[in-house]
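J.: Before I ask anything, let me first share the structure, which is written out below as structure tokens.
The values are calculated or read from the model by the stated rules, or taken from the named source; none is laboratory data. Worth saying up front: this structure is predicted, and the values here are computed from it rather than measured. Every residue, glycine among them, receives a Cβ derived from its backbone with ideal geometry; neighbour counts consider all protein chains shown.
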Amino acid sequence: MEFLRNIDPGTIGTIAIQFAVLLFSLSIHEASHAWMADRLGDYTARYLGRVTLNPIPHIDPIGTILFPLLQFFVHFPLIGWAKPVPINSAHLRDPRRDQIYISIAGPGANLLASGIAFSLLLILKITSTQARRFIELGLIPGNGSVLAPVLMILYYAMIINLLLAVFNIIPIPPLDGHWILYGLLPANAAAAFQRMGSYGFIILYALMFTGALRFILIPMGLVVGLLRAL
């Protein structure tokens, strides 16, 4: 298939690693939502088994499977979303405030995971010539190197988790950003904003296929370039 040859470095193995990293990153994201909800008094997600890094309970057919596959065709970075964590606001002490904390927990966990992956890559850069080449050139160093798959996993963990954090704070349903904005808006404006929820998927697909989503994430390209330089 032609589009596969345009994916760096252009192998099915790389796609498989990216997708595996995406699943794990989404699991970190959703488990953090569930953990924060449980800490704030809502045990619903914990009882449903969502405080787990096992990706199976978190998989959403559209956001976890279809949306990433479509990105291969439009040559867009691999991002997506998982099944939303159920929240029962009746169990929260301050529903509007607590919903903001729960929403921030997911992107915050992805930022932390990205930072850990980046730190490990820096350590490997200092201690390994092969890792130094990987960071500086953005390539997998050394054919058959034992470090190569580890470096690739860490590299994509850094990039994908960073992308997920930024992508999910966009204020469009079902992304976390819309819940954060909902909690910050006055009651009347929040109610009007919430009514657009049913159009969220349509808006996301339109942004992706028109290229507008890539424009929104342009600052991410600058950050990724800086990380590669480091």
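J.: Every residue in region 176-187 that is farther than 15 Å from Leu111 by Cβ and either in contact (Cβ under 8 Å) with a residue 60 or more places away in the chain or of a type in the set (Val, Ile, Thr) (or both), please.
T.: Trp179, Tyr182, Gly183, Leu184 - these are the residues of region 176-187 that are farther than 15 Å from Leu111 by Cβ and either in contact (Cβ under 8 Å) with a residue 60 or more places away in the chain or of a type in the set (Val, Ile, Thr) (or both).
J.: Could you say whether any residue in region 49-59 is closer than 23 Å to Ala157 by Cβ, assigned to a helix (DSSP H, G or I) and modelled with pLDDT under 80?
T.: No: region 49-59 contains no residue that is closer than 23 Å to Ala157 by Cβ, assigned to a helix (DSSP H, G or I) and modelled with pLDDT under 80.
J.: Any idea how many residues of region 62-78 are at pLDDT 75 or above and part of a loop (DSSP other than H, G, I, E, B)?
T.: Count: 0.
J.: Take region 28-43 and flag every residue that is of a type in the set (Ser, Thr, Tyr) and modelled with pLDDT of 95 or more.
T.: Correct list: Ser32 only.
J.: So which residues in region 34-48 are part of a helix (DSSP H, G or I) and either hydroxyl-bearing (Ser, Thr, Tyr) or more than 13 Å from Ile102 (Cα to Cα) (or both), if there are any at all?
T.: Thr44, Arg46, Tyr47
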